[in-house]
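So the structure is just underneath, and the comments pick up after that.
The values are calculated or read from the model by the stated rules, or taken from the named source; none is laboratory data. Just so you know, these numbers come straight off a predicted model, no measurement behind them. Here the Cβ positions follow ideal geometry from the backbone for every residue, glycine too, while neighbour counts run over all protein chains shown.
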Amino acid sequence: MFFFLDSEIRQLAYNLFPGGNKPIGVLVDLFSITYEIRKNMEKRSREFGLSYGQYIALCVLSAQRDEMSSPSALAEKMGVSRAAISSMVISLEQEGFINKYDDPNDKRGVFVSLNDKGRSKIQQMDPFFIGLASRLMSDFTESELCQFQTYLSRVRDAFEDVKGSRLTTPSALREEKDKWCED
C-alpha cells in the first residue's frame, strides 16, 4: 500500500477526480497520518527492543483472562495472519517475554502466556505510548475527542457495510465517484 506523504502528492490525489473529491481527500489524510504515527511507534518500539507488533501482542496477552491465549486467537484479536503471529510468538518466547505450553486437549495446539519479564516490558513501554497518545490528543477537548471517536466509529461501520459489496466493481466505483463529484 502506498501513502501520499508529500503535500504536493496529496494535492494531486485530491484532484484525481474532476471537481475534487472530499471523501478521497479525507481518507488520504487519514491514511497518511496513520502511517506516520505507526511508523514512529514502530521506530520507538525498536528502541525498547521489540517491534510494535510484539508490544501489542504482549498488551493483548495481558488483557486476556489468565494472561493466556492460543496463537490463533491472538492473531485474530490483533488482526494479523497466523504466520505473522507464529514468528512473533517464536521471537517473544526466545527473548523470554512469554511462555509456551502444549494444549492438553489438542496434541497439535499450544497456548502462550505472559510472564514476569513480559509484564515488566509492558510497564517499561506503556508510559511512552500513553504519553504519545496524550500529546497527540492534547489539543482536543473531551467533547471533541468523543466526537472524533464517533466519526471514526461511523467510518468503521461504513467500511464494514462496504466490504465485499458491489462497490468493489469498477462500474460501481465510477457511479460512486460521479455521485460525490456532483457537488
**Study point:** Selection count, the stretch 52-76, where residues are without any contact (Cβ under 8 Å) to a residue 60 or more places away in the chain, of a type outside the set (A, V, I, L, M, F, W, C), surrounded by 16 or more Cβ atoms within 10 Å (Cβ to Cβ) and farther than 14 Å from Asn99 by Cβ
**Key:** 3
Review point. Just to be sure, is Ser120 among the hydroxyl-bearing types (Ser, Thr, Tyr), under 17 Å from Ser51 (Cα atoms) and modelled with pLDDT of 95 or more?
Key: yes
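Here is a yes/no grid of residues against (1) modelled with pLDDT under 90; (2) within 16 Å of Leu27 (Cα to Cα):
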{"position": "Arg135", "(1), (2)": "no, no"}
{"position": "Glu142", "(1), (2)": "no, no"}
{"position": "Phe148", "(1), (2)": "no, yes"}
{"position": "Tyr151", "(1), (2)": "no, yes"}
{"position": "Ala158", "(1), (2)": "yes, yes"}
{"position": "Thr169", "(1), (2)": "yes, no"}
Practice item. Output the number of residues of the stretch 101-123 satisfying the condition of being loosely packed, with under 11 Cβ neighbours inside 10 Å and in contact with a helix residue (DSSP H, G or I) (Cβ under 7 Å, 6 or more places away or on another chain). Key: 0
Practice item. Answer with yes or no whether Gly118 is under 25 Å from Ile85 (Cα atoms), in a helix (DSSP H, G or I) and of a type outside the set (S, T, N, Q). Key: yes
Check your understanding: Looking at the stretch 137-160, is at least one residue polar (S, T, N, Q), in contact (Cβ under 8 Å) with a residue 24 or more places away in the chain and under 27 Å from Ile33 (Cβ atoms)?
Key -> no
Study note, to complete from the structure: Restricting attention to the stretch 52-107, the residues that are at pLDDT 95 or above, assigned to a loop (DSSP other than H, G, I, E, B) and either at positive phi or touching an Asp or Glu at 6+ places or on another chain (Cβ under 9 Å) (or both) number exactly 1
